[in-house]
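To start, the structure itself, in structure tokens.
Each value in this text was obtained by applying a stated rule to the coordinates, not by laboratory testing. The model shown is predicted, which means the values in this text are computed figures rather than measured ones. Please note: Cβ atoms are built from the backbone with ideal geometry, for glycine as well, and neighbour counts cover all protein chains shown.
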Amino acid sequence: MNGLEDLYREIILDHYRSPRNRGELESPPAQRVEGFNPLCGDEVVVYVQVDGDRVTDIRIAGQGCSISQSSASLMSAAVKGKTVAEARDLIRTFKAMMQVHEASLEGDGGEAEAVDPEALGELAALQGVVKFPVRIKCATLSWNTLTQGLDEAEAG
């Protein structure tokens, strides 16, 4: 497992050092949504452009720890070009991965959806975050912000 953990660490560091889809989009037509984690000061701004039912472009801005920033980069690469439904499915799957482990760490015995990390591709690199419950909010910040942006785009 150590080799896999090393690979995951490298993926996270690569996305932190060389973030994908960094920058801004004109708003409108893109939705601009800000997310903030008051526990640690992480900030993310998600610019998401939806054309019809497809995420045609996404840009990420903000600052924060390596987990929040690499998660935002990984997320942007994963959802760009997908349909809104596919993006929402990916959001649910990613957050379920975090919740499954969070529930087992808290020992609440609640029912949680099982997630196959292989279905997440590179996003599975973030599953190690669950060993540090306080960091889960760092990893999910951009995902929650994207959800808000998609909601606003659909309501718009």
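Data overview
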{"quantity": "Spacing of the two label points (7 Å from each Cα toward its C-beta) at E43 and D151, in nm", "calculated": "2.2"}
{"quantity": "Among 66-77, 38-49, the order from most to least packed when residues are scored by Cβ within 10 Å on average", "calculated": "66-77, 38-49"}
{"quantity": "Options L74, L13, A85, ranked by Cα towards positive dipole end of the chain, top entry (Cβ charges)", "calculated": "L13"}
{"quantity": "Kyte-Doolittle at least -1.0, axis length at least 30 Å by Cα - qualifying DSSP helices, the chain", "calculated": "84-106"}
{"quantity": "Radius 11 Å from Cβ of E26, net charge of other residues (Lys, Arg +1; Asp, Glu -1)", "calculated": "0"}
{"quantity": "The chain: relative contact order in percent, alpha carbon pairs under 8 Å with at least 6 residues between", "calculated": "28"}
{"quantity": "Among beta bridges that DSSP assigns inside segment 2-155, antiparallel share in %, nearest 5", "calculated": "95"}
{"quantity": "Pairwise label distance in nanometres, S18 with E34, each label 7 Å out on the Cα-Cβ vector", "calculated": "3.2"}
{"quantity": "Computed lengthening from D53 to A96, 0.36 nm per intervening residue step minus Cα-Cα distance", "calculated": "13.1 nm"}
{"quantity": "Bins of 10 Å from zero: percent of alpha-carbon pairs in the chain", "calculated": "11, 42, 35, 11, 1"}
{"quantity": "For the chain, calculated [θ]222 nm from helices alone, where every DSSP H run of n ≥ 4 adds -39500 (n - 2.57)", "calculated": "-16000 deg cm²/dmol"}
